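Chemist: First the structure, then my questions, so here it is.
We did not get these values from a lab; they are worked out from the coordinates using the rules stated. What you see is a predicted model, and the numbers here were worked out from it, not measured in a lab. Cβ: placed from backbone, ideal geometry, glycine included. Neighbour counts: every protein chain shown.
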Amino acid sequence: AKLAGSMANLVIDALDCRLAEPLQLGGNFEGNADLAALLEVMARVGGQEEPPAVKGRLAFKGRGESTAEQVHLTSELRIDDLEILTAEQPVREKQVTFTFDSTLNLEQDVLDIARLQLDSQTLALQLAGKVSEFSERRNLALRGQYRGSWDAIMALLHQFAPATAQTVVIKGTTGSPIEITGPAYQPDLLPVFKDMASGLDLTWDSGQVYGLELAAAKISPVLREGKLQIPLTPIPASGGTVNLGAVVDFQQDSPLLLMRDRITVMDNILITRRLAHDLLSRINPIFGFLTHAEGSASLWLQGVELPLGSEITSQGTGQGHLDLRELKVRPGGLLIEALALGGVSKQELYTVQTEGVNFRLQDGRIIYDNFAMIFVDNFDLRFRGSVGFDDTVNMYMSVPVRPALLERFRVRGPIVDYARLLSDVRVEIPVGGTRDQPKLDLSQVDIKPFVELAIRALAGETAGGLLRDVGGLLTPDRSSPQPPADQPDSPAPEGRHQRERRPSPLDILRPLERRDTSKPEENSTKE
């Protein structure tokens, strides 16, 4: 059988194949293909919008020989001039080869792997051994070694997961012996490889992960009982220490990240603008647009159960605590707008006092009740609410009443006096949008009751002298029609709606008079 075309060529000769028992594989096959064209066809068949940006020439060949006792299969795959296009720079491999040489003993149901080998600059792997109970449990007993180049691995990762290009960069090389033992397929268990075990070492020279500058390190994950166990490993990072230790449990439909014991994940880590943007903004989006940040951060987590699939946006539990010390920031984005409400308008480097914040992981969100940031002149911002793992923001920002805030809400009159009288009053402003585009929703804030309180207080201080101008305290909404100032109100002709009377200067006080007075002393205390 022969297939010839500009995209691919395939020749099958002397094929003798029987997939039922006893298995029989005989014959030769050989072919080649344009890798980019082949991947484009596969992408269309699979419904993908764009095929992987990969070029090269694929060549393969294989041979099968069968007897009554065994099947011997050899195959070789080669890619010449492999080129993987990335946003940074192309990854080029002169040649990538994969070789497989094995013999299946039909009577004993044992696959003897003489050689399973992958050779490339990016990753090299050599394994040999046996697979017993091949037709059922596939009990592995394989040993070998691997080596890899993180520069090339990262280029591949960034190509197939573009979101990691700015957040995960690891450099150097890795490699170690590798061993795989145990049954790889037991369909009555979850996962089917639950009783399989494996272990290796991962090393790197340096790395940057979500703004953390990692020094050279080695971790030794182990796969056992359906769980990938990462032993607690201290790693020098950004002037402090990152403690990496967790379990990934595969015994459910979606892998589950577990950190049940309390772990100080970050210990005295130096804060940078990148760390603020990539990591701290996932707790509070106000850190996402700082033009400068410095200080130190410590973070511990406990009782974490976090799904690693799509369920991460709606499930998960855990708790933690974040401490920020000696924090200095130069505001940008949302923080500029927030500081302006306190009359802090200069974009300079501010020293910020913070209070440690306790948070919890719940329903795919990071939730907390009081995240405090204290700036100059004792002006503080306090946050409560949540940031989701889907990057949505559902928070409230509490600010004290200052003259600048009253001006922002277009309050007229002696706003300095109002702010003085309302110095113990705070206003909560909703913060919505996404982590990358947070927004203050001032339209949801009703400032009028606070102004009423100030007016009543000033009225008592000044014997009512200010009440003459109450009607002009709030700038009117120009979107609503206003009656001409030079036309007096008059009764409408019979059969028509009455024109609304012109508001009295005392109308602004009447909502207070309609309050429940069943407990006057308690209401008075609250006001």
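Chemist: Quick one: divide the alpha-carbon radius of gyration of the stretch 261-328 by 2.2 N^0.38 Å and tell me what you get.
Modeler: In units of the 2.2 N^0.38 Å rule of thumb, it is 1.22.
Chemist: Can you find, among Pro414, Gly432, Phe379, the residue farthest towards the positive end of the dipole of the stretch 367-440? Put +1 on the C-beta of Lys and Arg, -1 on that of Asp and Glu.
Modeler: The listed residue farthest towards the positive side: Pro414.
Chemist: Tell me the mean residue ellipticity at 222 nm calculated for the chain from its helices only (DSSP H runs of n ≥ 4, each -39500 (n - 2.57), averaged over every residue, nearest 500).
Modeler: -4000 deg cm²/dmol
Chemist: Taking the Cα centre of the chain as the origin, how large is its charge dipole in debye, to the nearest 20, when only Lys and Arg (+1) and Asp and Glu (-1) carry charge on their Cβ atoms?
Modeler: Dipole about the Cα centre, nearest 20: 1480 debye.
Chemist: Next up: With the dipole of the stretch 296-343 worked out from charges on the C-beta (+1 for Lys and Arg, -1 for Asp and Glu) around the Cα centre, which of Ser310, Pro331, Ser298 lies farthest toward the positive end?
Modeler: Working it through, the farthest residue towards the positive pole turns out to be Pro331.
Chemist: Something else about it: Using Cα-Cα distances under 8 Å and only pairs 6 or more residues apart, what relative contact order does the chain have, in percent?
Modeler: Computed over the chain, the figure is 5 percent.
Chemist: Scaled to the compact-protein estimate 2.2 N^0.38 Å, what is the alpha-carbon radius of gyration of the stretch 1-135, rounded to two decimal places?
Modeler: 1.25
Chemist: Order 219-225, 254-260, 4-10 from most to least packed using the mean count of other Cβ atoms within 10 Å.
Modeler: So the peptides 219-225, 254-260, 4-10, ranked by packing, come out 254-260, 219-225, 4-10.
Chemist: Let's test the formula: R0 of 41 Å, r as the Cβ-Cβ distance of Val45 and Thr67. What FRET efficiency results, to the nearest 0.05?
Modeler: 0.65
Chemist: Using the basic label-point model (7 angstrom from Cα toward the beta carbon), what is the Asp267 to Asp34 distance in nanometres?
Modeler: Here the modelled spin labels are 5.8 nm apart.
Chemist: Further question on the same structure: Give the average over all directions of the projected area of the C-alpha convex hull of the stretch 1-72, one decimal, in nm².
Modeler: If you wrap the Cα atoms of the stretch 1-72 in a convex hull and average its projections, you get 6.3 nm².
Chemist: Something else now. If r is the Cβ-Cβ distance from Leu442 to Asn105 and R0 is 56 Å, what FRET efficiency results, to the nearest 0.05?
Modeler: FRET efficiency, Leu442 to Asn105: 0.15.
Chemist: What number do you get for the stretch 176-305 when its Cα radius of gyration is normalised by 2.2 N^0.38 Å, N = residues?
Modeler: Rounded to two decimals, the normalised Rg is 1.26.
Chemist: Place a +1 charge on the Cβ of each Lys and Arg in the stretch 231-334 and a -1 charge on the Cβ of each Asp and Glu, then give the dipole magnitude about the Cα centre in debye, rounded to the nearest 20.
Modeler: Roughly 460 debye, rounded to the nearest 20.
Chemist: Can I ask one more? Tell me the Kirkwood radius of the stretch 83-123: reciprocal of the mean inverse pair distance over distinct alpha-carbon atoms, in Å.
Modeler: Taking every pair of different Cα atoms in the stretch 83-123, averaging 1/r and inverting gives 13.0 Å.
Chemist: On to the next question. Which one of Gly364, Phe289, Thr354 is farthest out on the positive end of the charge dipole of the stretch 252-369, using unit charges on Cβ (Lys, Arg +1; Asp, Glu -1) and the Cα centre as origin?
Modeler: Value: Phe289.
Chemist: Another question, if that's okay. Rounded to whole Å and ordered largest first, report the semi-axes of the equivalent ellipsoid of the stretch 214-372 derived from its Cα gyration tensor (root of 5λ).
Modeler: For the stretch 214-372, the ellipsoid semi-axes come out as 32, 19, 12 Å.
Chemist: Could you tell me which label, among (i) 38; (ii) 44; (iii) 55, carries the value of percent of Cα pairs over 36 Å apart calculated for this structure?
Modeler: Recomputing percent of Cα pairs over 36 Å apart here gives the entry labelled (iii).
Chemist: Estimate the FRET efficiency between Ala14 and Glu225 by the formula 1/(1 + (r/R0)^6), using the beta-carbon distance for r and 41 Å for R0, to the nearest 0.05.
Modeler: 0.35
Chemist: Mean 1/r over all different Cα pairs, inverted: what Kirkwood radius does the stretch 116-196 give, in Å?
Modeler: Result for the stretch 116-196, one decimal place: 14.8 Å.
Chemist: In addition: Let's see if you can work this out: charge +1 on each Lys and Arg Cβ, -1 on each Asp and Glu Cβ, no other charges. What is the dipole magnitude of the stretch 137-213 about its Cα centre, in debye to the nearest 20?
Modeler: Around 280 debye, computed over the stretch 137-213.
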